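This report refers to the structure that appears directly beneath it.
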Amino acid sequence: MNVVVAKTETGRALSDAFAVARGRLPGTGQVADRRRQAFEAYERLGLPHRRIEEWKYTDLRTLMREAFSLAAEPDAAALERAGEAVRSHTIDGVRRLVLVDGVFAPNLSQTDGLGQGLRIRTLQEVLEDADSALQAQLFAPENSDAMVALNSAMATDGVVIEIADGAAPKEPLHVLHIASTATPAAMFTRSLLRLGNNAGVTLVESFVAADGVKAYQVHDSLIVSIGDGSRLDHVRLIEDGRDAFNISSAMVTLGAHAHFNFFNMTSGASVSRYQATIVCAGEGSRVETNGVNLLNGRQHADTTLLLDHAVPNCASREVFRAVVDDRAHSVFQGRIIVRPDAQKTDAKMMTRALLLSDEAEADNKPELEIFADDVTCGHGATTGALDESLLFYLRARGLSEKEAQALLIQAFVGEAIESIANDTLRDLAVSAAQRWLEARA
Amino acid sequence: MALLEIKDLHVRVEDNEILHGLSLTVNEGEVHAIMGPNGSGKSTLSHVIAGKPDYEVTGGQILFNGEDLLAMQPDERAAKGVFLAFQYPVEIPGVATMTFLRTALNAQRKARGESELLTPAFLKKAYEVAARLNVPRDMLKRGVNVGFSGGEKKRNEILQMALFEPSLCILDEMDSGLDIDALRVAADGVNALRSPDRAMVVITHYQRLLNYVVPDFVHVMSKGRVVKSGGKELALELEASGYTQFEDAA
Ligand SMILES: Nc1ncnc2c1ncn2[C@@H]1O[C@H](COP(=O)(O)OP(=O)(O)OP(=O)(O)O)[C@@H](O)[C@H]1O
Ligand SMILES: [Mg+2]
């Protein structure tokens, strides 16, 4: 077995990466200390493997064969390639904030005329501003997960967005991650979104590669706090290149009567994992998460959600749809914790997987940990193939096998896509799904 | 050359032979009625013509305009003009009826080398046909057959037939579940499609439909074969005497 070899080599490469990158990482004093602690934690934990329960289905010791060194700051050529990518991924009516190879690219971003109540800075700026209160929040995630710890140690840049009480910028904010590196490299980003009370915003994040960019590794994390009475609509589209690796973590906290509407779709990347911890910390808060995996070839995509109901009277709805073709592997792990105080919690989780080939695989692991007695909680899961009688009906009307499948797959994921409130973004998700379906035909 | 020529067809489903040497010839312009007791194989025949998988043809052949129909995929058959109005149309949640109709019509046109209909032209055509068949627009806005009553599903089948303009229409119990008014509208729709270059095979248990859609030929199926053929008066005979005489014959 070369598993052990892979582990040591990847592990060593990551240690080297930290040593090499250290001088380039923004932040001194406390920030540097936190990075060092985080890295030590990472070294202790090592790359997650299948005997770590949370990573059971995504064994990075086997899936992450090598660790690339930290991407260089994008040069003129990289920025040029990224510019092309921006043009083909432009969304109408949004404010674009671009990270190229893990570094904020001001010339590709729209930072003018922010208006009242909206403040946007880069992670670098915030980390270099020693008295910023945000630093503590930026490093709030514990080092108990190896990949979160690694991200804390290595984050080079990101966007830090603050929305003041009562503010509700109309334009959605689009954080566009572009991989543009000429050689295989890793990018580490950390972003923060802080919504005051009675505020609202729509945040889109998408991950893409510039033309011709092949192997790269994305390590991203996002920290979100949604103030009392505020609403965040959040859409994520993972359209990374087919050789890419994407490990993203999110930590979301909701205040009282806050509302978090989330949609995530993964159609790109070779190996990806999205892990999110969502905490209902204020009474009456509400969470809706909708996830879609569209996978083929040998893609592996893992969504692992922890919904923490910490206080009474909160509601959560989790919907997940996986479409898995060829030898791809989809993973959904949904854990719901209802703490002793969280009476009247209403939590539901429903996952469905559609297997398009005999070798496709979908794992689904629901976990309910309920410590309160007056709650409504439930989960359901189904896995199956496309319904033959529906396929035949469509084919008898003239649709080819692929066309018939495409129509049924669109319907299958449509239910999740419907949850996106913003019309433009919903259309965007629909066309991303369509691109995937067309590529299969 | 006949439009449809079925010769000595043997069909199995999961080790049971259901059609045991069935023959039938249908020419352009003709309307054939097929009657016969429950389980005699009428729907099986219609499914095999449309190309449903899970049926194994163990003998015989089906020619459509002289071509080997059994060698074609279901969608090729549709593009060449075979249409089956299902006895039990399925519900397809999440697929909007209009999207379905447009995709199907254009897939057929494309396969025939015709240009695709753009949305405005398609909408015009679809609404025109729907109005002619008394299909409310509201029905077209829903998912395919989702929440439709039995009768509404049947009307949706007739609507598709009128929209696709096939050369061979097989109607499997289109009259079941239709109320008297709906039956008349649907039958008018079918009659409007009668033409010298189109044929119909109407599967039914009841004479009433045949009062509206008057057949040129009536066939009696029993136990997987055509056991008797005749003119439209055969249907009246059956109505009076039932199928018992043929069950013995089969
Ligand atoms: N998929 C199947 N598996 C097993 N048996 C089948 C299958 N499909 C049809 N059969 C059997 O084949 C026979 C013919 O069925 P078919 O549906 O063709 O009859 P029919 O003449 O259309 O009857 P009805 O008038 O009730 O609609 C029946 O005995 C039925 O049970
Ligand atoms: Mg039948």
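The values are calculated or read from the model by the stated rules, or taken from the named source; none is laboratory data. All figures in this text were calculated on a predicted structure; none of them were measured in a lab. Here the Cβ is made from the backbone with ideal geometry for all residues, glycine too, and neighbour counts use every protein chain on show. With ligands, DNA and RNA removed, areas are computed over all heavy atoms of the protein, side chains included. Shrake-Rupley method; radii C 1.70, N 1.55, O 1.52, S 1.80 Å.
If you restrict to DSSP beta bridges whose two residues both lie in the protein assembly as shown, what percentage is antiparallel, to the nearest 5? Don't skip to the end; give the middle numbers.
On the way: 32 of 182 bridges.
Bridges in the protein assembly as shown that DSSP calls antiparallel: roughly 20 percent.
Remark: the protein assembly as shown carries a charge dipole of roughly 520 debye about the Cα centre, counting +1 on each Lys and Arg Cβ and -1 on each Asp and Glu Cβ. Between A:A439 and A:D33, the FRET efficiency estimated from the beta carbon spacing at R0 = 41 angstrom works out to 0.30.
Taking the DSSP beta bridges with both ends in chain B, the antiparallel portion is around 60 percent.
Taking 0.36 nm per residue of separation and subtracting the Cα-Cα distance, what length does fully extending A:R65 through A:A130 add? Present the calculation step by step, with values, prior to reporting the outcome.
Working: separation 65, 0.36 × 65 = 23.40 nm, distance 3.74 nm.
19.7 nm is the gain from fully extending A:R65 to A:A130.
Against the criterion of solvent-accessible heavy-atom surface with a 1.4 angstrom probe, A:E318, A:E162 sort, most first, into A:E162, A:E318.
When the solvent-accessible surface of protein heavy atoms is calculated with a 1.4 angstrom probe, in what order do B:S229, B:S176 fall, highest first?
Working: B:S229 70, B:S176 45 Å².
Largest accessible area first, the list is B:S229, B:S176.
Rounded to the nearest 100, the interface formed by chains A and B buries 1800 square angstrom of accessible surface, both chains summed, with a 1.4 Å probe. Label positions at A:D92 and A:N197, each projected 7 Å from the Cα along the C-beta direction, are separated by 3.9 nm. Around the amide H of B:L84, modelled in the peptide plane, lie the amide H atoms of B:I170, all under 5 Å away and 5 or more residues distant in sequence or on another chain.
Looking at chain B, the accessible area is 43 square angstrom per residue; that uses a 1.4 Å probe and ignores ligands, DNA and RNA. Summing Cβ point charges (Lys, Arg +1; Asp, Glu -1) relative to the Cα centre of segment A:312-357 gives a dipole of roughly 120 debye. A simple spin-label model places pseudo-atoms 7 Å from Cα toward Cβ; at A:I52 and B:N134 they are separated by 6.8 nm. Given a 1.4 Å probe and the protein chains as shown, B:C169 ends up with an accessible area of around 0 Å². To the nearest 10, the accessible area of A:S132 is 20 Å² with a 1.4 Å probe.
Looking at the square roots a ≥ b ≥ c of the eigenvalues of the Cα gyration tensor of the protein assembly as shown, which shape do they give, rounded for a/c under 1.5, prolate if a/b is larger than b/c, or oblate? Present the calculation step by step, with values, prior to reporting the outcome.
Values: a/c = 2.56, a/b = 2.41, b/c = 1.06.
Taking the square roots of the gyration eigenvalues as a ≥ b ≥ c, the protein assembly as shown is prolate.
Counting, for every residue in B:90-99, the Cβ atoms of other protein chains within 10 Å of its Cβ and taking the mean gives 5.
Shown for the protein assembly as shown: cysteine residues without a partner Cβ closer than 4.7 Å, namely A:C377, B:C169. Ignoring lysines fewer than eight residues from B:K110 along the same chain, the ones with Cα atoms less than 16 angstrom from its Cα are A:K402, B:K80. Each residue of segment A:227-244 was assigned a 3J(HN,Hα) from its phi angle through the Karplus curve 6.51 cos²θ - 1.76 cosθ + 1.60 (θ = phi - 60°); the sequence is x, 4, x, 9, 10, 10, 9, 10, 10, 10, 10, 9, 10, 4, x, 6, 9, 7 Hz, with glycine and proline shown as x.
Based on DSSP H runs of at least 4 residues, each adding -39500 (n - 2.57), what is the mean residue ellipticity at 222 nm of chain A after dividing by all its residues, to the nearest 500 deg cm²/dmol?
On the way: 10 runs with 116 residues, N = 441.
Only helices count here, giving -8000 deg cm²/dmol.
Can you list the residues of segment B:33-59 that have at least 10 square angstrom less accessible area with all protein chains present than in their chain by itself, probe 1.4 Å? Residues passing the criterion (a loss of at least 10 Å², heavy atoms only) are B:A50, B:K52, B:P53.
Relative contact order, whole percent, for segment B:4-249 stands at 29, derived from Cα pairs under 8 Å and 6 or more residues apart. The mean count of C-beta atoms from other chains within 10 Å of the C-beta of residues in A:398-406, rounded to a whole number, is 6.
In whole percent, how big is the carbon plus sulfur part of the accessible area of chain A, probe 1.4 Å, protein atoms only?
Values: 8030 of 17060 Å².
Carbon with sulfur: 47 percent of the solvent-accessible area.
Remark on B:G21: its backbone amide H falls under 5 Å from those of B:L9, B:H10, B:V11, a criterion applied only to residues 5 or more positions apart or on other chains, H modelled at 1.01 Å from N.
Sum -39500 (n - 2.57) across every DSSP H segment of at least 4 residues in chain B, then divide by the residue count to get the 222 nm mean residue ellipticity, nearest 500.
Computed mean residue ellipticity for chain B: -11500 deg cm²/dmol.
A straight Cα-to-Cα reach below 27 Å connects B:K223 with the lysines B:K7, B:K42, B:K52, B:K154, B:K232, residues fewer than 8 places away in its own chain not being considered. Can you tell me the orientation of helix B:119-132 relative to chain B, as the angle in degrees between its alpha-carbon axis and the longest Cα principal axis, to the nearest 10? That helix lies at roughly 50 degrees to the long axis. In sequence order, segment A:219-226 has phi-based couplings of 10, 10, 9, 9, 10, 10, 10, 10 Hz under the Karplus curve 6.51 cos²θ - 1.76 cosθ + 1.60, θ = phi - 60°, and Gly or Pro positions carry x. The accessible area of A:T266, taken with all protein chains in place and a 1.4 Å probe, comes to roughly 10 Å².
How would B:R208, A:R335 line up by accessible area, probe 1.4 Å, largest first?
Order by accessible area, largest first: B:R208, A:R335.
Comparing Cα centroids, segment A:244-315 and segment A:21-67 end up 21 angstrom apart. Label sites at A:S431 and A:N107, each approximated as a point 7 angstrom past Cα along Cα to Cβ, lie 2.6 nm apart. I need the calculated FRET efficiency for the pair A:H379 and A:E415, taking r as the beta carbon distance and R₀ as 22 Å, to the nearest 0.05. Efficiency, from the Cβ-Cβ distance: 0.85.
Considering only DSSP beta bridges with both partners in segment A:105-249, what is the antiparallel share in %, to the nearest 5? Rounded to the nearest five, the antiparallel share is 10 percent. Between B:D15 and A:A13, take the C-beta separation as r, use R0 = 56 Å, and let me know the FRET efficiency to the nearest 0.05. My answer for the efficiency is 0.40.
The lysines whose alpha-carbon is closer than 17 Å to the alpha-carbon of B:K124, local same-chain residues fewer than 8 away aside, are B:K141.
Couplings 3J(HN,Hα) of segment B:102-111, computed from phi: 5, 4, 5, 4, 5, 4, 5, 4, 4, 4 Hz, in residue order, whole Hz [Karplus 6.51 cos²θ - 1.76 cosθ + 1.60, θ = phi - 60°; x for Gly and Pro].
Taking a point 7 Å from the Cα of B:I180 along the Cα-to-Cβ direction, the residues of segment B:205-222 with backbone N closer than 16 Å to it are B:207-212. A cut-off of 5 Å between modelled amide H atoms, ignoring neighbours fewer than 5 places along the same chain, links A:A353 with A:A322, A:T382, A:T383, A:G384.
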